Amino acid sequence: MQKEVDYIVVGLGLAGLAFVEELQAHKKTFMVFEDDSQTSSLVAGGVYNPVILKRFTPVWNAHEQLKMALPFYKSIEEKLNIIIDEKFIIKKAFKSIEDQNTWFEACDKPKLIEYLNPKLDTQSYHGVIADFSFGDVNGTGRIDTKELVESYRSHLEDNQLIRFENFEHQQVNLDEELVQYKDIKASRIVFCEGFGIKENPYFKNLPLNEAKGELITIHAPELNIDFLLKSTVFVLPLGDNLYKVGATFNWTDKTSDPSEEGKEELVEKLKKVINVPYTIVSQSAGIRPTVAGRRPLVGVHPKHPQLAVLNGLGTRGVMIAPTVAKNLFNHLEKGEALDSEIDIKRFVAVNK
Ligand SMILES: Cc1cc2nc3c(=O)[nH]c(=O)nc-3n(C[C@H](O)[C@H](O)[C@H](O)COP(=O)(O)OP(=O)(O)OC[C@H]3O[C@@H](n4cnc5c(N)ncnc54)[C@H](O)[C@@H]3O)c2cc1C
């Protein structure tokens, strides 16, 4: 039987989820397709942190993004009756005196003043290797993205709003205004496919790069920290003496499979971070959809205005997704301008 909806959404990771929230808020009808080909949103550390801790500089638009993201996740917690937002401090382990001095300078920057604590933490923590002191970042935490995405998918499934199958781009028929896909007629398709965009004939030429990331979860009964430790790698407390450790960056491997190489890299780096025994409980991997210049890929196909893309969330999907999804929705439905920094129009050779 023929079905008519306002939107087809392809992919239910953080990008698709944020866009679907907009659709639901505005009572639009839709159908989601999800084929489990990408894992980024399921394996992500889920950390939100407005500060780039390599250079002590603010993340692009972080303050504004956080102001939208935290209430966004709160409202999903209430709607789905889940708890996904865990707030904690991030402790940056300094590597040198220069590092500490750069921190002090950064503390005075207007965009960072709210987040960086100028009082250094000189305490020692059992099991944590630290030659210098720590700097505390406030206003940070973690969204349990696995719980979020899985619960959200179940919620859509209960309401028959998601099909767990591969979206076949070659089955798309475009006429002047509408889109026909198999038994569904829609006004628009929004592609939120993460690295799956490489299979999408309409948007595959956008400059999205793969940045495979791997994490291990360890059981370390002697480590007793309730903050995220940021050193050579991050160590993120999950409770019950479990910690997520990550993450690697691999720019050539296009698979989402955990690798021996990834594990060894993390184990090697962890030797410089903690000195208590642990066992590895699990390992996971995914491909971050990244863009040179670190701005998302959002916008409408130049020849087919019924087709839009929401991608390129990079290493910070948790913070960015709600803002860019809203901007895209308002652009499509209300003619609001897209932020020129994220608009795919900035690339000349985009799509056919
Ligand atoms: C190891 C690791 C750690 C990370 N840590 C953090 C962190 O701490 N904080 C943070 O903010 N971000 C983190 N990220 C980045 C974050 O995961 C991404 O920014 C975000 O998940 C991207 O979301 P997305 O929805 O665009 O893509 P994805 O999560 O890849 O979702 C795309 C979805 O589309 C589906 N799909 C694709 N093609 C099709 C098709 N043809 N038909 C049907 N379905 C399709 C896929 O199965 C997938 O579910 C991390 C990533 C990795 C890999």
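Nothing in this text is a laboratory measurement; each read-out follows from the coordinates by a stated rule. All figures in this text were calculated on a predicted structure; none of them were measured in a lab. Cβ coordinates were reconstructed from backbone atoms using ideal geometry, including for glycine residues, and neighbour counts include every protein chain displayed.
With unit charges on the beta carbons (Lys and Arg positive, Asp and Glu negative) and the dipole taken about the Cα centre of the range 1-127, which residue among P71, V51, V5 sits farthest to the positive side?
V51
Beyond 31 Å between alpha-carbons counts as too far, so tell me which of K3/K254; K3/K303; K74/K334 fall in that bin. Show your work: numbers first, answer last.
Numbers: K3/K254 36 Å; K3/K303 25 Å; K74/K334 26 Å.
The pairs that break the limit, which is 31 Å between Cα atoms, are K3/K254.
Suppose every K and R has +1 on its Cβ and every D and E has -1 on its Cβ; what is the size of the dipole of the chain about the Cα centre, in Debye to the nearest 20?
Working: 42 positive and 50 negative charges, 179 e Å.
Roughly 860 debye for the chain.
State the extension gain, in nm to one decimal, for the chain segment bounded by R294 and N209, taking 0.36 nm per residue of separation less the distance between their alpha-carbons. Could the numbers behind the result be given before it?
Details: separation 85, 0.36 × 85 = 30.60 nm, distance 1.07 nm.
Roughly 29.5 nm would be gained on extension.
Helix 145-158 versus the longest principal axis of the chain: what is the Cα-based angle in degrees, 0 to 90, to the nearest 10?
Helix 145-158 sits roughly 30 degrees off the main axis of the chain.
Quick check on the chain: helices-only [θ] at 222 nm, where DSSP H runs of length 4 and up contribute -39,500 (n - 2.57) each and the sum goes over total residues. Nearest 500, please. Before the final figure, lay out the partial values.
Numbers: 7 runs with 89 residues, N = 352.
Calculated mean residue ellipticity at 222 nm is -8000 deg cm²/dmol.
On C-alpha positions alone, give me the angle between the axis of helix 260-270 and the longest principal axis of the chain, in degrees, nearest 10.
40
Among the listed pairs K146/K263; K109/K326; K119/K263, which have their C-alpha atoms separated by more than 32 angstrom in this model? Please report the intermediate quantities before stating the final value.
Numbers: K146/K263 21 Å; K109/K326 29 Å; K119/K263 35 Å.
Those over the limit are K119/K263.
Taking only Cα atoms, what is the 0 to 90° angle, nearest 10, from helix 14-25's long axis to the longest principal axis of the chain?
Between helix and principal axis, roughly 60 degrees.
Estimate the FRET efficiency between N117 and K271 by the formula 1/(1 + (r/R0)^6), using the beta-carbon distance for r and 30 Å for R0, to the nearest 0.05. Can you show the working numbers first?
Numbers: r = 28 Å, r/R0 = 0.94.
It comes out at approximately 0.60.
All other residues with a Cβ under 14 Å from the Cβ of F227 taken together, and with Lys, Arg as +1 and Asp, Glu as -1, what is their net charge?
Working: positive: K87, K91, K92, R142, K230, K244; negative: E86, D121, D136, D226.
Net charge in that neighbourhood comes out at +2.
Order of 223-234, 122-133, 23-34 by packing, highest average Cβ count within 10 Å first? Please list the in-between numbers first.
Numbers: 223-234: 19.1, 122-133: 14.4, 23-34: 17.5.
Ranked by mean Cβ neighbours within 10 Å, highest first: 223-234, 23-34, 122-133.
So in the chain, what percent of DSSP beta bridges are antiparallel if you round to the nearest 5? Please report the intermediate quantities before stating the final value.
Numbers: 49 of 69 bridges.
Approximately 70 percent, going by the DSSP bridge assignments.
Tell me which residues come under 5 Å, amide H to amide H, from F30 once H is placed; ignore anything under 5 positions away on its chain.
The list, which skips near neighbours in sequence, is D6, Y7.
Can you find, among G135, I83, L174, the residue farthest towards the positive end of the dipole of the range 76-214? Put +1 on the C-beta of Lys and Arg, -1 on that of Asp and Glu.
G135
To the nearest 20 Debye, how big is the dipole of the range 195-341 about its Cα centre, given +1 on the beta carbon of each Lys and Arg and -1 on that of each Asp and Glu?
Working: 17 positive and 17 negative charges, 95 e Å.
Magnitude of the dipole: close to 460 debye.
What does the highest-first list of 148-158, 97-107 look like by mean Cβ count within 10 Å? All intermediate terms of the calculation are to be shown ahead of the outcome.
On the way: 148-158: 17.8, 97-107: 14.4.
For the peptides 148-158, 97-107, the packing ranking is 148-158, 97-107.
Of the options L223, I280, T255, report the single residue whose Cα projects farthest towards the positive end of the charge dipole of the range 216-280 (beta-carbon charges: Lys, Arg +1; Asp, Glu -1).
L223
Within 10 Å of each residue's Cβ, count the other Cβ atoms and sort R346, R163 from fewest upward.
Details: R346 13, R163 17.
Result, fewest neighbours first: R346, R163.
Taking 0.36 nm per residue of separation and subtracting the Cα-Cα distance, what length does fully extending S282 through F132 add?
On the way: separation 150, 0.36 × 150 = 54.00 nm, distance 3.08 nm.
Using 0.36 nm per residue and subtracting the Cα-Cα distance, I get 50.9 nm.
What ranking do 38-48, 197-207, 167-177 get when scored by the average of other Cβ atoms within 10 Å per residue, highest first?
Working: 38-48: 23.0, 197-207: 17.5, 167-177: 12.6.
Answer by packing, highest mean first, reads 38-48, 197-207, 167-177.
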